[in-house]
Amino acid sequence: MGFCRAATLRRPASLLSGQALTRGAAALAIVALAGCETASGIRPPGRGIAEIADTDPNSASVNINSLSEVIRRNPSSAEAYDTRGVAYARVGRFQEAVADFTQAIKLEPNNSAAYTNRALALRQMGQSDAARADFDRAIEVNPKHAPAYVGRANLLRAQGNLDQALADLDQAIRLNPESAQAFHARGLIHQKHGDDARAVTDFDNAIDRDPFAAAPYLARGESLVTLGKYDKAVEDFNAALNVDSKSALAWAWLGVAYDKSGNRSKARESFQRALTLDPQQPLAKQGMGRG
């Protein structure tokens, strides 16, 4: 799940004669959801999108230190707190992230990005009610803030409220037609409803907008298996594994696709790879149990 910044980070006037935010810090910290960049290492409960390599701890430490210096020189900058909050969240320091997002909101009460970011961090901490309130507030202060609709939709989907989640995603896509996350999340809802043809169309759109994310390939492959298009499903699972070769779920589904297409030897090989990564992977255990 990505985190959003309110706007392009500008160098505060008081930094013009002092030490500016380093280029490395900006590149590492400025991330967003739905229409911005994807935050690495941030994974919502359940299936998300676009998992990327974890942040290097040393780089993260340098980045946070740089942002702390920006805040020391500019304690009234909401953007600086919001950006450091994102950096904390990327390395799993959610309590500190929430504190920074809260400070950003105190400094700028109508900061929809800070509300959205705090909601995402709160969800990581299992505080779903508080997260929902922040998503609602983000939309209230800026009804055109697409990331808040995506974040709220993912929360609603996890809670089983599919119809409202679908409405949020439709709105997110209207606001930002280039959001890979919104298309992916909507595809998951169509898939849940058993409408795999429509799900595939949404996953197509997600992949067109972000071809380097594993999750849409995996999800599309699952729908293709349901539709009986096993060869295309094999291609998608392999594409997912090209992004994340350690995904036990992708290996297991690859085994299912091979099995359905009649290639039992490839199926067993894939199931075995899945079980090596996760000995309890249910699809792989079931597949191997068929002999």
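Rounded to whole Å, the principal axis extents of the Cα atoms in the stretch 155-291 read 48, 28, 26, largest first.
Computed over the stretch 98-238, relative contact order equals 13 percent, with contacts defined as Cα pairs under 8 Å that lie 6+ residues apart.
Could you tell me what % of all Cα pairs in the stretch 73-228 have separations over 26 Å? Percentage above 26 Å: 31.
When the P(r) of the stretch 242-291 is calculated, the portion above 11 Å amounts to 58% of the C-alpha pairs.
Which order do the peptides 127-139, 247-259 come out in when sorted by mean C-beta neighbours inside 10 angstrom, highest first? Please report the intermediate quantities before stating the final value.
Values: 127-139: 19.3, 247-259: 24.7.
Descending packing order for the listed peptides: 247-259, 127-139.
In sequence order, the stretch 119-127 has phi-based couplings of 4, 5, 5, 4, 5, 4, 8, x, 9 Hz under the Karplus curve 6.51 cos²θ - 1.76 cosθ + 1.60, θ = phi - 60°, and Gly or Pro positions carry x. The heavy atoms of Glu69 offer some 50 square angstrom of accessible surface to a 1.4 angstrom probe. Close amide-amide hydrogen proximity is noted between His193 and no other residue 5 or more places distant or on a separate chain, at a cut-off under 5 Å (H modeled in the peptide plane; Pro and chain starts excluded).
Alpha carbon centre of the stretch 217-254 versus the stretch 104-159: separation in Å? About 32 Å separates the Cα centre of the stretch 217-254 from the one of the stretch 104-159. Which shape class applies to the stretch 136-177: rounded if a/c is under 1.5, otherwise prolate when a/b exceeds b/c and oblate if not, where a ≥ b ≥ c are the square roots of the Cα gyration tensor eigenvalues? Taking the square roots of the gyration eigenvalues as a ≥ b ≥ c, the stretch 136-177 is oblate.
The values are calculated or read from the model by the stated rules, or taken from the named source; none is laboratory data. From a predicted model like this one, the values you see are computed outputs, not experimental measurements. Note that we place each Cβ from the backbone using ideal geometry, even for glycine, and neighbour counts take in every protein chain shown. Quick note on the areas: whole protein, heavy atoms, side chains included, nothing else; ligands and nucleic acids left out. Shrake-Rupley method; radii C 1.70, N 1.55, O 1.52, S 1.80 Å.
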